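Q: Could you have a look at this structure, given as structure tokens, before my questions?
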Amino acid sequence: MDTFRFKDKILVGITLFSMFFGAGNLIFPPFLGAQAGEHTWIAFIGFAVSAVCLPILGVLAVTKSGGLEKLTSRVHPKFSFIYILILYLAIGPCLAIPRTSSTSFSIAVQPFWGGEGSLWAARLVYSVVFFVLAAGIAMHPEKLTEYLGKRLTPILLILIGVVFIACLLKPTGDPGKPASLYENMAAAQGFLDGYQTMDTLAALNFGMIVAMNIREKGITREKQVVKETISAGWIAGVVLLVIYSLLAFIGMRSSGRFPGASNGTETLTDMVQFLFGKGGMVLLGIIFVIACFNTCVGLLCCCGKYFNSVFPKISYRGWVYIFAVISMVISNIGLDGILKFSVPALNAIYPLAILLILLSCVHRYIERYPEIYPWAALLCGISSIVLVLEEQGISIPVVTSLMRNMPGFGAGFGWLLPTVIGAGIGVLADLGKKKRKA
């Protein structure tokens, strides 16, 4: 079979969506709405760029480049190895995978647990069952369309739709006033909020799993596999955009009635209890478990595949089990500490992911200037690290002061101008080489 039926296209696209849509994707859009209030849709424009457009461009970039390793090697082979390793650890056992279990437990089990003293035991049992099931499905990465696309994700979409419709039908009052961060730079803040979904980072890895599922459907020609992977990316992007807008609307409706929510989980909890009473928490618990479970399976597959390719002495199955056990342990005893390290690490590597995606999009126009990649990546990475250190209260003499004067520093884009300067240096370096050869 050389072409996909429309049904298969939708199914693979929905599967890719399910891999993207985890705990952070549920939490951040409604919290954006709750915080932005009257400015929700202005903020949502920025959020959609970083949480929808960039991830889908990431899938396209890696697919068209022939894989993440080929894309990152345009900077330097050693950079490729180090960056990909950090990337997989960040979206894998060091943050995203443990968060799927701990977050879903906090919504689906903890509110109903009576014995505070034995909560740790409940969390342990839950995490063991959660990761055993996730690892079991991850043993067959080529069949994710069957497990996630056909079965779990349609239930998830229906349940989110139920909450949205109830929110439409039951009056909640006018949206509240925007919080200070959303008063003057709502779109910029929304863009930064989109970082927290981690989807741009995950997008650099999900393409290979989608391609495996496409081949499992009978597509053998590589050009057609690439075409169908890109098609799945667009479908996943449309579904993400729709679901994010529904969740942002729910958060906006909550902003007037529940103005004191401190996070997205609290926003959703307040709203479902208002809309459905105590039964709302059961509904919300199911939504969180399905979303987190889908993402956990996708991440286990990606991490297992990558580490098996780099360290083949351990089988793919072995790596999946290793990451499942490590994530289970971290989700029970060490997630807070990991978050303190991982969130700054994410902020440091995120601009580099954006840079690689954008450069890939214009690669045909700049491929005669290969020095753009290493120079732009160098200044982007340095400036991102300086910004993260500044957020942690660590200043580097002269450099930090210089960065503070960069355009966009206050909005979180202090890395942008150094990156552009790096690209310019790369062009000049290539022109210099050509002139010397002439």
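The values are calculated or read from the model by the stated rules, or taken from the named source; none is laboratory data. Because the structure is a prediction, the values reported are computed rather than measured. Cβ atoms come from the backbone with ideal geometry, glycine included; neighbour counts cover every protein chain shown. The area values use the complete protein model at the heavy-atom level, side chains included, leaving out ligands, DNA and RNA. Shrake-Rupley method; radii C 1.70, N 1.55, O 1.52, S 1.80 Å.
Q: Sorting ARG436, ARG74 by accessible area (1.4 Å probe), largest first, what list results?
A: On the way: ARG436 180, ARG74 65 Å².
Result, largest first: ARG436, ARG74.
Q: Calculate what fraction, in whole %, of the accessible area of segment 347-419 sits on carbon and sulfur atoms when a 1.4 Å probe is rolled over the protein chains.
A: Working: 2380 of 3580 Å².
Taking all protein chains in place, segment 347-419 shows 67 percent carbon and sulfur surface.
Q: Suppose the Debye formula is applied to equal point scatterers at every Cα of segment 222-359; what is log10 I(q)/I(0) at q = 0.11, 0.12, 0.17, 0.20 Å⁻¹?
A: -0.68, -0.81, -1.36, -1.39
Q: While we're looking at this one, here's another question. Using a 1.4 Å probe on the protein heavy atoms, what percent of the accessible area of segment 47-120 belongs to carbon and sulfur? Don't skip to the end; give the middle numbers.
A: Numbers: 1930 of 2870 Å².
Ligands and nucleic acids excluded, carbon and sulfur reach 67 percent.
Q: Can you send over the carbon and sulfur percentage of the accessible area for segment 153-310, probe radius 1.4 Å, protein chains only?
A: Details: 3820 of 5890 Å².
Ligands and nucleic acids excluded, carbon and sulfur reach 65 percent.
Q: A follow-up question, please. Any chance you could get the radius of gyration and Dmax over the Cα atoms of segment 159-265, in Å?
A: Rg then Dmax for segment 159-265, in Å: 18.8, 55.
Q: What does the accessible area per residue of segment 362-438 come to in Å², with a 1.4 Å probe and no ligands, DNA or RNA counted? Spell out each step's value before the answer.
A: On the way: 4680 Å² over 77 residues.
For segment 362-438, the solvent-accessible area averages 61 Å² per residue.
Q: Continuing with the same structure: How high is the relative contact order of segment 346-436, in percent, counting Cα pairs under 8 Å that sit 6 or more residues apart? Numbers along the way, then the final one.
A: Details: 92 pairs, mean separation 34.2, N = 91.
Relative CO of segment 346-436 lands at 38 percent.
Q: How do 387-397, 4-14, 171-181, 264-274 rank on mean C-beta neighbours within 10 Å, highest first? Intermediate results must be reported in sequence, preceding the final value.
A: Numbers: 387-397: 13.5, 4-14: 17.5, 171-181: 15.2, 264-274: 21.4.
Going from most to least packed, we get 264-274, 4-14, 171-181, 387-397.
Q: Compare the peptides 232-240, 425-433 by average per-residue count of other Cβ atoms within 10 angstrom and give them in order, highest first. Write out the running numbers ahead of the final one.
A: On the way: 232-240: 22.7, 425-433: 15.1.
With the highest mean Cβ count within 10 Å placed first, the list reads 232-240, 425-433.
Q: Can you give me the convex hull volume of the Cα atoms of the chain, divided per residue and expressed in Å³? The partial results should precede the final answer.
A: Working: hull volume 67.6 nm³, N = 438.
Each residue corresponds to 154 Å³ of Cα convex hull volume.
Q: If you don't mind, there's one more thing I want to ask. If I take R0 = 25 Å and measure r between the Cβ atoms of ARG215 and LYS64 in this structure, what FRET efficiency does the formula 1/(1 + (r/R0)^6) give, to the nearest 0.05?
A: According to the calculation, E is roughly 0.90.
Q: Moving to a separate point now. If you count only protein heavy atoms with a 1.4 Å probe, what accessible area per residue comes out for segment 162-266, rounded to a whole Å²? Mind dumping the intermediate values first?
A: Details: 4390 Å² over 105 residues.
That works out to 42 Å² per residue.
Q: Also, I was wondering about something else. As an exercise, identify the trypsin sites (Lys or Arg not before Pro) in segment 347-406 lying in DSSP coil whose Cβ has no more than 12 other Cβ atoms within 10 Å. Working shown, then result.
A: Details: sites: ARG364, ARG368, ARG404; in loops: ARG368.
When the trypsin sites (Lys or Arg not before Pro) of segment 347-406 are filtered for loop state and at most 12 Cβ neighbours within 10 Å, ARG368 remain.
Q: Would you compute, from DSSP H runs of 4+ residues alone, the mean residue ellipticity of the chain at 222 nm, taking -39500 (n - 2.57) per run and dividing by the full residue count, rounded to the nearest 500? Don't jump to the answer; show the numbers that get you there.
A: Values: 20 runs with 327 residues, N = 438.
Computed mean residue ellipticity for the chain: -25000 deg cm²/dmol.
Q: Per residue of segment 99-108, what does 6.51 cos²θ - 1.76 cosθ + 1.60 with θ = phi - 60° give for ³J(HN,Hα)? Whole Hz please, x for Gly and Pro, Karplus curve as stated.
A: 5, 5, 6, 5, 5, 5, 5, 5, 9, 8
Q: Now for a separate question. How large, in Å, is segment 59-182 by the Kirkwood hydrodynamic radius built from its alpha-carbon pairs?
A: 19.2
Q: Right, here's the next one. Quick one: Karplus J couplings for segment 346-361, per residue in order, coefficients 6.51, -1.76, 1.60, θ = phi - 60°, nearest Hz, x for Gly and Pro?
A: After applying 6.51 cos²θ - 1.76 cosθ + 1.60, I find 4, 5, 6, 8, 4, x, 5, 5, 4, 4, 4, 5, 5, 5, 5, 5 Hz.
Q: So what J values fall out for segment 317-326 if you push phi through Karplus, 6.51 cos²θ - 1.76 cosθ + 1.60 with θ = phi - 60°, rounded to Hz, Gly and Pro as x?
A: Result, ordered by residue: 4, x, 5, 4, 5, 4, 5, 5, 5, 4 Hz.
Q: Computed over the Cα atoms of segment 23-131, what is the convex hull's projected area averaged over all directions, in nm²?
A: Its average projected convex-hull area is 9.9 nm².
Q: Using only the Cα atoms, what convex hull volume per residue in Å³ does segment 290-424 have? Each step should come with its number before you reach the end.
A: Values: hull volume 23.3 nm³, N = 135.
Cα convex hull per residue, to the nearest whole number: 172 Å³.
Q: Additional query: Need the C-alpha centroid separation for segment 367-438 versus segment 108-178, integer Å.
A: 41
Q: With an 8 Å cut-off on Cα pairs and a minimum separation of 6 or more residues, tell me the relative contact order of the chain in percent. Don't skip to the answer; put the middle values down first.
A: Details: 653 pairs, mean separation 138.9, N = 438.
Here the relative contact order equals 32 percent.
Q: Sticking with this one: Semi-axes of segment 249-321's equivalent ellipsoid from the Cα gyration tensor, sqrt of 5 times each eigenvalue, largest first, rounded to whole Å? It would help to have the intermediate numbers written out before the result.
A: Numbers: eigenvalues 316, 34, 11 Å².
After scaling each eigenvalue by five and taking roots: 40, 13, 7 Å.
Q: Let me ask you something else. If I build a Gaussian network model for the chain, linking alpha-carbon pairs within less than 10 angstrom, which residue out of ARG99, ARG253, ARG151 has the largest mean-square fluctuation?
A: Its mean-square fluctuation being the largest, the pick is ARG151.
Q: To continue, here is another question. Given the peptides 49-60, 25-36, arrange them by the average over their residues of other C-beta atoms within 10 Å, most packed first. If you can, show how the numbers build up before the last one.
A: On the way: 49-60: 23.1, 25-36: 28.2.
Descending packing order for the listed peptides: 25-36, 49-60.
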